[in-house]
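Participant: Below is the structure I would like to discuss, written out as structure tokens.
The values are calculated or read from the model by the stated rules, or taken from the named source; none is laboratory data. All values derive from a computational prediction rather than experimental measurement. Cβ placement follows ideal geometry from the backbone for every residue including glycine, while neighbour counts extend to all protein chains displayed. The protein model used for the area step is the full one, side chains on, heavy atoms only, and it has no ligands, DNA or RNA in it. Shrake-Rupley method; radii C 1.70, N 1.55, O 1.52, S 1.80 Å.
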Amino acid sequence: MTSAATRSLAFATMFNFRDIGGYEGLDGRTVRWQRVYRADSPHRLDGDDEAVFAALGVRTVIDLRRPREVDTYGRIRPADGLEYHNIHLEHQDWNEIPYQPDQGAARYLADRYHDLTEQATAGFVAAIALLAQEQTAPAVVHCMAGKDRTGLVCAMTLSLLGVRDTVIAEDYALSTAGSERLLAWLKTQNGNDHLVPVPFFTCPAEAMQTFLTEFRQRHGSVEGYLRAAGLPADRIEALRANLLT
């Protein structure tokens, strides 16, 4: 498996940016590099970072944050040839669901991911339908930390492409280092040294593996879930045609 150092791209103002390409998918084919990136929020891009980002040739940014997050923190700066979509994955605010340390971070996160897939069905369909369009790529999918909402959209995308659950869980866990960097930066910027609930900035592979196993028990498959939610079969075929070598 490609290392986080090889897969990730370095920015000074983004902390969890990486390519989801290179994984083995359906029929031994490979997920294309430089087609879909996952990230924390690019609204902070500035100076040299903007030049690095522009060099990627990104055509589409899919922002999964709540509209109030966009209003509060801002969005990526408009640029020629760049389309911006705010696809809000509607769900209950996690601050309303206390974390109990004895349940463990993986269990808490898996439960929240189930909540998301029950509450934000339309958003998942919209995001993946957009990724299926050839003219969308290269695309960046992001939320705030780039691990939960982004993690689920990327997990569903990789699953549709035939990537194994264990590999999807390993890719998800690569956000650990980026989330730690983001948290350290936030504390520096805000002078905020109070305790943050552990699951908000952690991403053990066990959380995604548990979620995917239980998700299949509930829905049969990612494809079945999305088809039942209204994603046309031809969009799934287009996703595979465009994102697999």
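Participant: At 222 nm, what value in deg cm²/dmol follows for the chain if DSSP H runs of at least 4 each add -39500 (n - 2.57) and the sum is divided by all its residues, to the nearest 500?
Facilitator: Value at 222 nm, helices only: -14000 deg cm²/dmol.
Participant: First compute the accessible area of the range 97-147 with a 1.4 Å probe, then give the percent of it belonging to carbon and sulfur atoms.
Facilitator: 52
Participant: Suppose all protein chains stay in the model; what accessible area per residue would a 1.4 Å probe give for the chain, in Å²?
Facilitator: Heavy-atom accessible area per residue stands at 44 Å².
Participant: Over the range 142-242, what is the mean sequence separation of C-alpha contacts under 8 Å (at least six apart), divided by residue count, expressed as relative contact order in percent?
Facilitator: Dividing the mean separation by the residue count of the range 142-242 yields 31 percent.
Participant: Sorted by packing (mean other beta-carbon atoms within 10 Å per residue), highest first, where do 149-159, 135-145, 25-35, 60-70 land?
Facilitator: Taking the mean over residues of other Cβ atoms within 10 Å, the ranking is 149-159, 135-145, 60-70, 25-35.
Participant: Output the relative contact order of the chain, whole-number percent, from Cα pairs under 8 angstrom with separation of 6+ residues.
Facilitator: 26
Participant: Find which of Ile168, Cys143, Val31 sits farthest along the positive direction of the dipole of the chain, computed with +1 on the beta-carbon of Lys and Arg, -1 on that of Asp and Glu, about the Cα centre.
Facilitator: Among Ile168, Cys143, Val31, the one farthest towards the positive end of the dipole of the chain is Val31.
Participant: Which three semi-axes in whole Å describe the equivalent ellipsoid of the chain, each the square root of 5 times a Cα gyration tensor eigenvalue, listed largest first?
Facilitator: 25, 23, 17
Participant: How are the alpha carbon pair distances in the range 1-141 distributed across 10 Å bins from zero to the largest one, expressed in percent?
Facilitator: 10, 33, 37, 18, 2
Participant: If the only charges are +1 at each Lys and Arg Cβ and -1 at each Asp and Glu Cβ, what is the size of the charge dipole of the range 104-221 around the Cα centre, to the nearest 20 debye?
Facilitator: 60
Participant: Now for a different question. Would you work out the charge dipole size for the chain about its Cα centre, treating the Cβ of every Lys and Arg as +1 and the Cβ of every Asp and Glu as -1, and quote it to the nearest 20 debye?
Facilitator: In debye, rounded to 20, the chain gives about 300.
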